[in-house]
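Structure first, then comments.
The values are calculated or read from the model by the stated rules, or taken from the named source; none is laboratory data. On a predicted model such as this, the values are computed, not experimentally measured, just so you know. A quick note on method: Cβ atoms are made from the backbone with ideal geometry, for glycine too, and the neighbour counts reach across all protein chains shown. Side chains included, ligands, DNA and RNA excluded: accessible areas come from the protein's heavy atoms. Shrake-Rupley method; radii C 1.70, N 1.55, O 1.52, S 1.80 Å.
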Amino acid sequence: MQLDSYLRSFFLIFCFAWFLTFPAEAAVKKYQFDVDLHITLLAHLFFFWVQIKVKNVSRLCHAKPIVTVNGRFPGPTIYVREGDRVLVNVTNYAQSNMSIHWHGLKQFRNGWADGPAYITQCPIKTGHTYVFNVSGQRGTLWWHAHILWLRATVHGAIVITPKEGTPFPFPQPHRETKIILGEWWNSDVETLVSQANKLGLPPSTSDAHTINGKPGPLFPCSHKHTFAMEVEAGKTYLLRIINAALNDELFFSIAGHNMTVVEIDAVYTKPFTTRVILIAPGQTTNVLVKADQPPSRYFMAARPIMDAPVPVDNKTVTAILQYKGIPNTVLPSMPKLPAPNNTNVALSYSNRLKSLNTPQFPAKVPLKVDRHLFYTIGLGANPCSTCQNGTQLTASLNNITFVMPKIGLLQAHYFNIKGVFRTDFPDRPPVQFNYTGVQLTKNLGTSLGTRLSKVAFNSTIELVLQGTNLLTVESHPFHLHGFNFYVVGSGVGNFDPSEDPGKFNIVDPPERNTVGVPTGGWTAIRFRADNPGVWFMHCHLELHTMWGLKMAFVVENGKSPEESIIPPPKDLPPC
């Protein structure tokens, strides 16, 4: 007890002194992420000590060691308020190297805190402190490991509440709940991935999806591994839904209940009511649900969309929405999820998403475009003498398979270290063809390289992401670090540069950080490059990222120090 009292006193003194070094208007919250098992909270100063370690966890009648944050799966939620300054101290007690990405936080001028390994930092072998501001954002985001496939178990929610006295632009809910959609493998994920890479093939799909780490009662040994949410009749609830799955876009629905979509990727939307949402890996969606049905028990359920001939974990995960006073013996009713190949529902849902676009929350869509980019998304195969079929499956943008460097790209850029990367990533593919026409299974080789695209500070970018039928058509959720962007257009088939731009929505398009490129189609986004640094862009299907479906932008500094990258932290992890 004496030691605990001493430590608390020490940290209170340290934190108070540290707090005085920052502007008074910004609250300071400090979290310690030790990829480990326990958490200590100094409640009055919002301090969390968090650890990264291995813990034995049991699901589906199988127990295995997994990497956790604070011994929790999913990990703890970070609560901050818009305008806060945040410190997260990561201590790594696991055998694996680690890095944490704060998905969707813009990290203005501060790519050092963004987290992707070998892009903005080298992996954390022991400890590192992330320091960042939460400015101009409010809503639901999330954090996750950004190295190998460790985000399978290392992930959690970020909840940004509006500034004091600022209400939601929708009815105040009675209560809110987080719904984190994930995946579970009975075997060790990293072992499966390593074995698959040696064969040049994809690893096996997951054994179950999960809701808040639990697969639900439709799976064996899972009655106690079922998430349940109690509601009171007549009350309205806010669900903060996060897709933390590694490889599957998911339909989500609640039996008997409508959902009103009010936010995506921490950006308010024009509210609309739906029975089902589509959510891709990396995306977040906030919905209002009113408990207006006869008191009973109702399944919340999710399963993948499978509108392409690729293997997925096609099982349905369930949780329970349970009215207060209803006994657990009542069997829940199941929602009518769309057929797994129902592309029409997916496209219709995506087309309904619009920015709120009010004076308080305007949609600042770039109307003048300084630079037009066109990137093709392709699968491929390169020679591999040790692989099962003599080839290694791969993926590319503009036929370039990204090769990860041995040191952080941001570090190489900031310190002008030569030979780490080139800045000649092409604005267009090397060869034009009928991108979504007849399936192409020949000439599938790709070019390998660490090639980045240099972008002028404050320039406006329009990027068309075009799916292809190289090996197969498939949907691809793309995430851009460091920025939000506006989804101004989308369609099935090949993008038509003479016709499609005239149909773009430049009034109230959805603003987000992760967008799904539809199966056999294209998506157009616009953003202003006002955040200097090196910013990763990649498919958020972990399989495709592993195969090289990624690149990065180098956004140059502006003219003033306030438009330039800030210096790196002193404890930046070394390579």
Please specify each residue of the stretch 476-511 satisfying the condition of being open to solvent by less than 20 Å² (accessible area, probe 1.4 Å), assigned to a loop (DSSP other than H, G, I, E, B) and more than 30 Å from F108 (Cβ to Cβ).
G493
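Quick one: which strands (runs of 3 or more DSSP E) sit completely within the stretch 274-338 and have at least 2 residues that are more than 23 Å from the chain's Cα centre (by Cα)?
Numbers: elements: 276-279, 284-290, 297-304, 317-323.
Filter on the stretch 274-338 gives 284-290, 297-304, 317-323.
Considering only residues of the stretch 372-386 that are open to solvent by 60 Å² or more (accessible area, probe 1.4 Å) and modelled with pLDDT of 95 or more, which is farthest from L541 (Cα to Cα)?
Residues of the stretch 372-386 that are open to solvent by 60 Å² or more (accessible area, probe 1.4 Å), as a first pass: 372, 383, 385-386.
Narrowing further to those that are modelled with pLDDT of 95 or more: 372, 383.
Details: H372: 25, P383: 23 Å.
Taking the candidates together, the pick is H372.
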Can you pull out every residue in the stretch 207-245 that is farther than 25 Å from K324 by Cβ and surrounded by fewer than 23 Cβ atoms within 10 Å (Cβ to Cβ)?
D207, P220, C221
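What residue, of F457, F485, is within 19 Å of the chain's Cα centre (by Cα) and among the hydrophobic types (A, V, I, L, M, F, W, C)?
Working: F457 fails: within 19 Å of the chain's Cα centre (by Cα).
Within the list F457, F485, the selection yields F485.
Please determine, by comparing only the residues of the stretch 185-206 that are among the hydroxyl-bearing types (S, T, Y) and either modelled with pLDDT under 95 or more than 20 Å from the chain's Cα centre (by Cα) (or both), which one is surrounded by the most Cβ atoms within 10 Å (Cβ to Cβ). Outline the logic, then answer.
Filtering the stretch 185-206 for residues among the hydroxyl-bearing types (S, T, Y) gives 187, 191, 194, 204-206.
This time we only want the ones that are either modelled with pLDDT under 95 or more than 20 Å from the chain's Cα centre (by Cα) (or both), so: 187, 191, 194, 204.
Numbers: S187: 13, T191: 11, S194: 13, S204: 16.
Only one residue fits best here, namely S204.
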Given the condition open to solvent by 60 Å² or more (accessible area, probe 1.4 Å) and at pLDDT below 95, answer yes or no: does some residue in the stretch 442-462 qualify?
yes
Can you say whether F457 is touching a helix residue (DSSP H, G or I) at 6+ places or on another chain (Cβ under 8 Å) and either assigned by the TED database to the domain that holds M546 or in a loop (DSSP other than H, G, I, E, B) (or both), as far as the supplied structure shows?
yes
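Report yes if some residue within the stretch 522-541 is surrounded by fewer than 16 Cβ atoms within 10 Å (Cβ to Cβ) and more than 30 Å from T343 (Cβ to Cβ); otherwise report no.
Quick first cut of the stretch 522-541, residues surrounded by fewer than 16 Cβ atoms within 10 Å (Cβ to Cβ) only: none.
No, there is no match, as no residue in the stretch 522-541 is surrounded by fewer than 16 Cβ atoms within 10 Å (Cβ to Cβ) and more than 30 Å from T343 (Cβ to Cβ).
Could you grab me the full set of residues in the stretch 408-439 that are of a type in the set (V, I, T) and without any contact (Cβ under 8 Å) to a residue 12 or more places away in the chain?
If the condition is that a residue be of a type in the set (V, I, T) and without any contact (Cβ under 8 Å) to a residue 12 or more places away in the chain, then I417 is the only one that fits.
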Selection from the stretch 113-126 of residues open to solvent by less than 10 Å² (accessible area, probe 1.4 Å), β-branched (V, I, T) and not in a strand (DSSP E or B) yields I119, T120
Of V276, V267, which residue is open to solvent by 10 Å² or more (accessible area, probe 1.4 Å), β-branched (V, I, T) and either over 22 Å from N484 (Cβ atoms) or assigned by the TED database to the domain that holds A381 (or both)?
V276
All conditions in (1) under 18 Å from R175 (Cα atoms); (2) surrounded by fewer than 21 Cβ atoms within 10 Å (Cβ to Cβ); (3) touching an Asp or Glu at 6+ places or on another chain (Cβ under 6 Å) are true of Q293 except (3)
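If I ask for residues that are open to solvent by less than 40 Å² (accessible area, probe 1.4 Å) and aromatic (F, W, Y), which ones from the stretch 389-420 would you list?
F402 - this is the single residue of the stretch 389-420 that is open to solvent by less than 40 Å² (accessible area, probe 1.4 Å) and aromatic (F, W, Y).
Of the residues in the stretch 253-273, how many are assigned to a loop (DSSP other than H, G, I, E, B) and under 20 Å from H209 (Cα atoms)? Talk me through it step by step, then tell me what you get.
Of the residues in the stretch 253-273, the ones assigned to a loop (DSSP other than H, G, I, E, B) are 255-258, 265-266.
Then keep just the ones that are under 20 Å from H209 (Cα atoms); that gives 255.
Matching residues across the stretch 253-273 total 1.
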Quick check: is even one residue across the stretch 202-212 in contact with a Gly (Cβ under 8 Å, 6 or more places away or on another chain), of a type in the set (G, A, S) and in a strand (DSSP E or B)?
no
